[in-house]
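Reading through the structure tokens given below for one structure.
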Protein chains: 2
Amino acid sequence: MSEQKTEPAARAAASVDGERLWRRLVELSRHGGFGERGVNRQAFSAEDLAARRTLLEWAAEAGLEARTDPAGNLFLRWTPPGAESGAAAVLSGSHVDSQPLGGRFDGAYGVLAGLEALLAVKAAALPLRRPLEVVAWSNEEGSRFQPGLTGSGWVTGKLDLETIRAGLDATGVTCGEALDSFLAGTPGLPQRPREEPIRAYLEAHIEQGPLLEAEGLLAAAVDTVQGIKWFEVVVSGRAAHAGTTPIAHRADAFVTAAALAAELRALALDAEDTTRFTIGRFEVVPGSPNTVPEKVLFTIDLRHPDAGRLAALAEAFAETCAAAERAGPCGVSIRVTSDAPPIAFDPALVQRIEDKLELLGLPRFRMRSGAGHDAMLLAAGTPTAMVFIACEAGVSHNPQEYATPEAVTAGARVLAATLAELGLEEG
Amino acid sequence: MSEQKTEPAARAAASVDGERLWRRLVELSRHGGFGERGVNRQAFSAEDLAARRTLLEWAAEAGLEARTDPAGNLFLRWTPPGAESGAAAVLSGSHVDSQPLGGRFDGAYGVLAGLEALLAVKAAALPLRRPLEVVAWSNEEGSRFQPGLTGSGWVTGKLDLETIRAGLDATGVTCGEALDSFLAGTPGLPQRPREEPIRAYLEAHIEQGPLLEAEGLLAAAVDTVQGIKWFEVVVSGRAAHAGTTPIAHRADAFVTAAALAAELRALALDAEDTTRFTIGRFEVVPGSPNTVPEKVLFTIDLRHPDAGRLAALAEAFAETCAAAERAGPCGVSIRVTSDAPPIAFDPALVQRIEDKLELLGLPRFRMRSGAGHDAMLLAAGTPTAMVFIACEAGVSHNPQEYATPEAVTAGARVLAATLAELGLEEG
């Protein structure tokens with residue numbers, strides 16, 4: 001890395017105002033805030049609109065150009081004085097909608113760190129050749145309207161508006177109705193064309209896992225999003241009286257399912273603790289204390305960065321279930337209910353982020369994302385990578401979600417340094 | 001066994017009309033009947049009343065004296081011409097209320113086999129010295145009004161009327177209201193005094209388990225009702241993101257609970273297949289496929305004929321749960337939620353029933369009851385035993401419940417022979 005490049009990046013990072021960023025995280029969390037630090041700010045709700053208005057105020061203060069699109073995304077653009085005409089922007093952001101029982105950081109951190117990084121680069125008065133832009137993707141969570149990831153899904157052409165607008169919330173409101181009234185709440189915004197090119201996409205996010213905290217690190221580059229396969233296993237036995245039926249005469253769906261669950265888990269676990277194997281749902285029918293269970297349905301959430309390993313495990317699971325059925329006394333079936341392949345982020349961009357960690361005196365570290373993010377969809381057509389910051393005990397999707405001011409600032413600095421470097425490059 | 005005793009018993013058994021008994025089982029099942037052979041005849045319902053009226057018609061036909069009591073029991077008494085004045089009756093019966101998704105045999109068989117046996121003894125014109133009486137205990141099942149076993153509970157002094165009448169069904173009707181209108185449906189019946197002595201109580205019932213069918217037997221003497229302990233185990237972990245949380249950082253309540261369940265089960269099982277261990281309820285919280293479970297609550301239904309063995313297992317369970325908590329990473333608690341000690345039936349009466357099996361050319365066989373029955377309560381103050389008949393695949397509390405006409409007849413013959421012998425004896 002040349003001297004010319006390193007210095008502007010370090011200047012941009014140094015311009016990050018960590019206190020302002022922390023204040024804004026707290027301020028934004030008032031929209032939908034509950035309890036000590038919980039946030040309920042579901043997509044296209046009044047709280048989501050209030051958060052958007054706050055973002056627009058901050059953008060106006062900084063002289064950024066705000067735009068939207070039919071999917072309800074918000075873009076805040078800064079075009080540097082010396083930008084080349086028609087140069088594609090470097091985009092950074094995340095989402096501000098939350099889970100119903102969410103926290104202050106999931107999504108909101110990526111948007112506000114992106115904004116802080118942009119302001120820092122702007123303040124550093126560097127001769128950028130291309131615009132920087134912050135995005136708040138709409139409806140990432142999918143907790144109110146399914147599917148989620150609709151804002152980035154529309155921009156990347158993965159989802160059409162019809163599919164997005166058809167979503168229905170629990171009270172019978174369609175996503176289309178909610179989106180229309182949400183957009184009407186911030187009238188007069190220019191439209192960003194769907195096809196407008198993006199030079200690169202960077203997303204900062206809390207890790208939502210305990211690894212960085214355990215390693216004593218503040219931030220890391222994210223190089224992959226692991227693949228996710230969901231399975232549903234059904235074990236069919238025979239209901240019987242718990243008092244009268246000898247063990248030898250039972251076809252106890254619980255006993256078979258619990259043993260099978262342990263066997264499948266043992267197949268998946270590895271010494272490196274790379275594979276994620278979770279049985280989160282395990283339903284016993286009829287669920288009466290004095291009836292031998294007739295049926296168990298359980299789910300497996302299996303994740304791994306390597307598609308080959310996921311495929312091999314899926315095959316091993318199928319074989320193990322078939323063997324369990326042959327061994328008797330219960331029927332066993334397994335099927336894949338969802339399948340998302342692993343995503344690799346842009347290697348050069350990941351490398352740049354690691355370089356920035358080093359530039360800022362932090363250890364180089366790269367890791368994978370366990371969860372899905374908007375960046376996953378962007379990666380298909382745009383050089384993309386993510387920055388993770390440490391979060392307390394890995395807790396997320398929970399009012400207890402927390403990241404320290406140090407980690408919050410460190411992530412924004414890495415982002416600012418990377419944005420500055422990308423903005424300085426030729427088209 | 002003397003010649004004088006054996007011969008009358010055999011004559012009584014030979015007088016059993018198996019076809020009439022089968023016809024009556026089918027006829028009674030029309031009250032509350034559904035589907036091919038299901039029965040829904042809950043306590044004090046219109047269907048229960050209709051069944052009672054049918055029983056009263058059959059009693060009137062046979063010249064039996066019908067009585068009732070404040071708990072809603074029905075007694076049908078035959079006093080032989082040569083009965084000693086004030087001699088206590090030999091009582092036989094069961095109940096005619098059913099589970100909501102019940103069958104033709106559970107309960108109804110014991111009442112109709114008792115009636116058929118009484119008619120057979122009567123037809124054999126034996127010089128009985130004491131009355132024979134058939135009883136239909138009220139609300140055995142407890143599926144509409146809790147608790148169950150209220151008819152026998154009241155007669156044996158285990159339950160007072162206030163407790164019984166306080167029960168509330170799902171529609172808000174009290175047991176007292178339903179009982180009053182039920183009793184009003186068969187007006188003018190004399191009251192049986194609660195304290196009236198009972199010489200002996202015999203209850204015939206389908207096994208509700210698969211043992212007799214597996215052994216190729218039609219009927220057996222029942223010598224004990226096993227003890228029942230219920231436990232509730234709670235495993236407390238920590239909810240976490242299924243995608244981002246390494247296995248080493250998890251406190252997965254499902255994994256701990258499933259392993260603990262297997263360990264507790266292994267403690268309970270024995271080579272003789274005597275202990276009944278059932279986990280029928282196993283609830284995983286929050287039950288979301290991509291969240292590591294925070295909590296599991298599961299129940300254990302533990303049964304064994306020996307109180308010492310039950311106590312030892314309860315202690316071993318508590319130690320194992322404490323060890324699981326010490327091993328971490330989850331909290332584990334266990335508590336006993338219900339505790340019914342084992343009941344031994346009258347040894348002489350059990351012996352008599354085995355003798356009658358032999359008399360009728362059936363193999364001698366004694367077994368324990370896995371389920372609770374009215375006989376369990378009678379046993380505390382009255383010489384009591386039960387006769388079980390084989391039922392198909394051990395299925396009960398289910399519309400598919402079935403017993404063959406051969407088993408149905410065999411059980412009534414054993415009952416008739418035993419009633420005859422007891423009726424012939426001095427006071």
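Taken over the range A:216-227, the criterion of being touching a strand residue (DSSP E or B) at 6+ places or on another chain (Cβ under 9 Å) and either at pLDDT below 90 or of a type outside the set (A, V, I, L, M, F, W, C) (or both) is satisfied by A:Asp223, A:Thr224, A:Gln226, A:Gly227.
The single condition among (1) under 30 Å from A:Thr382 (Cβ atoms); (2) out of contact with any strand residue (DSSP E or B) (no Cβ under 7 Å at 6 or more places or on another chain) that A:Gln191 does not satisfy is (2).
Scanning the range B:43-82 for residues that are polar (S, T, N, Q) and either modelled with pLDDT under 95 or closer than 17 Å to B:Leu132 by Cβ (or both) yields B:Asn73, B:Thr79. The set of residues from the range B:47-106 being part of a helix (DSSP H, G or I), touching a residue at least 60 places away in the same chain (Cβ under 8 Å) and among the charged types (D, E, K, R) comprises B:Asp48, B:Arg52, B:Arg53. If only residues of the range B:240-256 that are among the hydrophobic types (A, V, I, L, M, F, W, C) and buried (at least 23 other Cβ atoms within 10 Å of the Cβ) are counted, the one that is farthest from the other protein chains (Cβ to nearest Cβ) is B:Ala253.
From the list B:Thr291, B:Thr320, B:Thr382, pick out the single residue that is in contact with a Phe, Trp or Tyr (Cβ under 9 Å, 6 or more places away or on another chain) and among the polar types (S, T, N, Q). From the options B:Thr291, B:Thr320, B:Thr382, the qualifying one is B:Thr382.
Scanning the range A:281-312 for residues that are without any contact (Cβ under 8 Å) to a residue 40 or more places away in the chain and either buried (at least 22 other Cβ atoms within 10 Å of the Cβ) or in a strand (DSSP E or B) (or both) yields A:Phe282, A:Glu283, A:Val284, A:Val285. Selection within the range B:264-280: residues that are buried (at least 16 other Cβ atoms within 10 Å of the Cβ) and of a type in the set (D, E, K, R). The member of this set that is nearest to B:Ala322 (Cα to Cα) is B:Arg265. Comparison of A:Ala324, A:Ala375 shows that the only residue that is more than 24 Å from A:Gly153 (Cα to Cα) and either away from every other protein chain (no Cβ under 14 Å) or in a helix (DSSP H, G or I) (or both) is A:Ala324. Within the range B:390-411, restricting attention to residues that are modelled with pLDDT of 95 or more, small (Gly, Ala, Ser) and more than 17 Å from the chain's Cα centre (by Cα), the residue that is surrounded by the fewest Cβ atoms within 10 Å (Cβ to Cβ) is B:Ala407. Consider A:Pro147 against the criteria (1) in contact with a strand residue (DSSP E or B) (Cβ under 6 Å, 6 or more places away or on another chain); (2) assigned to a loop (DSSP other than H, G, I, E, B): it satisfies all of them except one. Which criterion is unmet? Among (1) in contact with a strand residue (DSSP E or B) (Cβ under 6 Å, 6 or more places away or on another chain); (2) assigned to a loop (DSSP other than H, G, I, E, B), the lone unmet condition for A:Pro147 is (1). Take the conditions more than 23 Å from the chain's Cα centre (by Cα) and either surrounded by fewer than 18 Cβ atoms within 10 Å (Cβ to Cβ) or of a type in the set (Val, Ile, Thr) (or both) and apply them to A:Ala66. Does it pass? No; evaluated as a whole, the condition is false for this residue. Across the range A:184-194, a minimum of one residue is classified as assigned to a strand (DSSP E or B), more than 21 Å from the chain's Cα centre (by Cα) and surrounded by fewer than 24 Cβ atoms within 10 Å (Cβ to Cβ).
Would you say A:Ala380 is surrounded by fewer than 18 Cβ atoms within 10 Å (Cβ to Cβ), modelled with pLDDT under 95 and of a type in the set (A, V, I, L, M, F, W, C)? When the stated conditions are applied, A:Ala380 passes them.
The values are calculated or read from the model by the stated rules, or taken from the named source; none is laboratory data. Note that the structure is predicted; figures quoted are calculated from it, not measured. For neighbour counting, all protein chains shown are included, and Cβ atoms are generated from backbone atoms with ideal geometry for every residue, glycine included.
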